[in-house]
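Report on the structure given below.
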Amino acid sequence: MPADPAETGRDILARADALARHSDSPDHYTRTWLSPAHRAAAAQLAAWMREAGMSVRTDGAGSVIGRYEGATPGAKAIVTGSHFDSVRNGGRYDGVLGILVPLACVAGLSRRGERLAHAVEVVAFADEEGARFQTSFLASRAFLGRFDPALRERRDAGGVGFDEAMREAGLDPEAIAANPRDPATIAAYVEVHIEQGPVLLDEGLALGVVTAIAGGTRHRVRVAGAAGHAGTVPMAMRRDALAAAAEMVSAVETRAKAAANLVGTVGLLEVKDGTGNVIPGEASFTVDLRSGEDAVREAAERDVFAAFDAIARRRGVAVESRRTHAVRATACSPRLQEALAAAVASLGLPVRRLPSGAGHDAMVLAEAVEAAMLFVRCGAGGVSHHPAETVSAGDAGLAAAALGAFLRSPGVPAA
Ligand code: HGY
Ligand code: MN
Ligand code: MN
C-alpha cells in the first residue's frame with residue numbers, strides 16, 4: 001500500500017532541511033561543487049539511497065547514482081534526478097527536491113518488495129548551477145561522457161584550480177567523463193523540479209507537466225578603460241570602465257524588454273581594485289540571455305554585443321567577452337508528457353502544461369534520450385534562487401505519488 005502522500009511529503013521536506021545544513025556558509029545556504037559541504041551532502045545522499053535498497057556509485061564528476069533493479073535484471077532504466085549543488089544564498093529545494101522525490105518513491109518500492117518493469121536510477125548531479133567554476137550542467141554532461149577539457153583551466157573565486165578541487169575531493173580530473181552512460185540503457189529521463197515561478201501558485205495547482213525548456217547563453221564581459229585620480233582627471237578626459245559597463249548593463253535590459261519570450265539579466269558586476277577615490281580602470285560583468293525560441297535569443301545576442309561595441313567606441317574603452325554557457329531550447333518528449341499527464345490525472349488533479357524559463361539537467365539528457373519534467377508548485381510568490389524558496393509537504397507528497405504512478409506506466413519499453 002503506497003504511503004500516505006502527506007507523510008511522504010513531510011519526510012521529503014525533513015530530508016531537504018537535513019541536506020541544507022551542509023552549506024559552504026554558516027550564514028546562508030550555498031553548496032558549490034566539491035566543497036566540504038558538497039561532499040558531506042553527497043555522502044548523505046548515498047546513505048539514503050542505500051537505505052532505499054539501491055546499489056550506489058559515484059561517477060567521475062562526483063554525481064551520486066543509485067540504481068533499483070527492475071523485475072528483469074538488465075532492464076532499461078527510467079533515470080530520474082536533479083542537482084544537489086546550489087547558487088549562492090539559494091533555496092534548499094532547487095534541484096534537491098528532484099532527488100528526494102524519486103528517492104521516496106524507490107524507498108516505498110523497496111519497503112514493499114515491489115519490482116517494476118524498468119530499473120529506476122536516481123541521479124544526484126554534482127554540478128548544475130556551475131556557481132564555483134562557471135560550469136553550468138557540468139555533471140549531467142559528464143554523465144553522458146561530454147566534457148569540455150578547457151574547463152580545467154578555470155579557477156574559483158579563491159584561486160583554487162579546477163583540477164586541484166577535484167583531487168582534493170578524491171576525484172581524477174582525467175577521468176571526469178570516463179565510463180559515460182550508454183543512452184541505449186536508458187528508457188527515459190524524467191526530472192522533478194520546483195517551478196521556480198508563480199504560475200502553478202497563481203492557478204492553485206500543485207503539479208505541472210513541462211512542455212519545453214528555454215534555451216540560454218551566458219557570457220562574461222570585460223571592459224578596460226583608464227584608472228585615475230577621482231579628483232584630478234577632467235570628465236571629458238576620462239575612460240571610466242564602470243560607467244561604460246553600467247551603460248552596457250542598461251543596454252541588456254532595454255533589449256530584453258523589446259521582445260516577448262526573451263529575458264536578459266546581468267547578475268554579477270565587479271570592479272577590479274574598486275576604490276571610492278579611483279576612476280575604475282577595469283570592470284567585468286555577466287550577461288544571461290534566455291528564450292523559448294533560439295532565433296529570438298540569437299538576435300538579441302547580436303544586438304546586445306553590437307551595442308557594447310558602439311558604447312566602447314564612443315567612450316574610448318576596450319570590451320571583450322567570452323561565452324561561458326550555451327544550451328538550445330529543448331522540447332520535452334511528447335510521449336513522456338502524456339505519461340506524466342496521465343499520472344497527474346490519476347491523482348484526481350488537473351493537468352497543467354507549461355514551459356520552463358529556468359534551465360535544467362533535463363536539457364542535457366534530452367540530447368541523448370527522451371526527457372521530460374514534472375513541476376512542483378513554489379510558495380512565497382514563486383521565488384527561487386533565494387532563501388525564501390519554499391514548497392509544501394502536501395505538494396511534495398503529491399509529486400511523489402505522481403512520479404510513482406508514472407514509474408509504473410512511463411509509456412516507454414523496458415527492453
Ligand atoms: O539558471 C538556471 O536556469 C538554473 O537554475 N541553472
Ligand atoms: Mn537553479
Ligand atoms: Mn535547478
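Derivation of every value follows stated rules applied to the coordinates shown; laboratory data play no part. Predicted, not measured: the structure shown is a model, and the values here were computed from it. Counting neighbours? That spans all protein chains shown, and the Cβs are built from the backbone with ideal geometry, glycine included.
Taking the residues in segment 183-197 that are of a type outside the set (A, V, I, L, M, F, W, C) and more than 18 Å from the chain's Cα centre (by Cα) as candidates, determine which candidate is farthest from ligand 1 (Cβ to nearest atom). Ranking the candidates gives Thr185 first.
Does Leu13 fit the bill of being buried (at least 16 other Cβ atoms within 10 Å of the Cβ) and either hydroxyl-bearing (Ser, Thr, Tyr) or under 19 Å from Ala188 (Cα atoms) (or both)? So Leu13 fails the test. Here is the figure for segment 177-205: residues that are part of a loop (DSSP other than H, G, I, E, B) and out of contact with any strand residue (DSSP E or B) (no Cβ under 7 Å at 6 or more places or on another chain) total 12.
Out of Arg67, Arg57, Arg50, one residue alone is touching a strand residue (DSSP E or B) at 6+ places or on another chain (Cβ under 6 Å), in a strand (DSSP E or B), free of Cβ contacts under 8 Å to residues at least 24 places away in the same chain and away from ligand 1 (no atom under 16 Å from the Cβ). It is Arg57.
For segment 183-198, filtered to residues that are away from ligand 2 (no atom under 16 Å from the Cβ) and either surrounded by 21 or more Cβ atoms within 10 Å (Cβ to Cβ) or small (Gly, Ala, Ser) (or both), the residue that is farthest from Ser333 (Cα to Cα) is Ala184. Evaluating Phe147 against the criteria (1) over 16 Å from the mean Cα position of the chain (by Cα); (2) assigned to a helix (DSSP H, G or I) leaves one unmet condition, (2).
Of the strands (runs of 3 or more DSSP E) contained entirely in segment 313-415, those carrying at least 2 residues that are crowded, with 19+ Cβ neighbours inside 10 Å and of a type outside the set (Gly, Ala, Ser) fall at 318-327, 371-376. A Cβ distance below 7 Å, combined with a sequence gap of six or more or placement on separate chains, defines the contacts here; from segment 179-208, residues that are of a type in the set (S, T, N, Q) reach no residue that is more than 16 Å from ligand 2 (Cβ to nearest atom) and part of a helix (DSSP H, G or I).
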